[in-house]
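Structure record follows, encoded as structure tokens.
The values are calculated or read from the model by the stated rules, or taken from the named source; none is laboratory data. Owing to the predicted nature of the structure, the values given are computational and were not obtained by experimental measurement. Heavy atoms of the whole protein, side chains included, go into the accessibility calculation; ligands, DNA and RNA do not. Shrake-Rupley method; radii C 1.70, N 1.55, O 1.52, S 1.80 Å.
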Amino acid sequence: MGLLDRLRKEWFIIGIVLVITFARLEPSVGVKGGPLKPEISITYIAVSAIFFNSGLSLKTEVADCWLYASSCVLCCNFDQSCWWK
């Protein structure tokens, strides 16, 4: 296995090591109020990206079933809430 093949296979671990090394060398980038604005970027953007990415990896059969089930629950809750008025 050549070096280029090894880099392609282990790209994620190499990326994590590079980011950790950069954070160790330059910690002022990620501090609260710094240029990355972690109070916004981590709280909203990173969490949204994680959920979006995991949604893209769902099989369509699972997503269709979940959408049907969630719409049934929403309609059921809406109907029951109307009963108590």
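In a fully extended conformation the segment linking I42 and V19 would gain 6.8 nm over its present Cα-Cα distance, using 0.36 nm per residue.
Ligands, DNA and RNA left out, the accessible area of region 1-43 computed with a 1.4 Å probe is 72% carbon and sulfur.
Shape analysis of region 1-47 places it in the oblate category; the axes a ≥ b ≥ c from the Cα gyration tensor give an a/c of at least 1.5, with a/b not above b/c.
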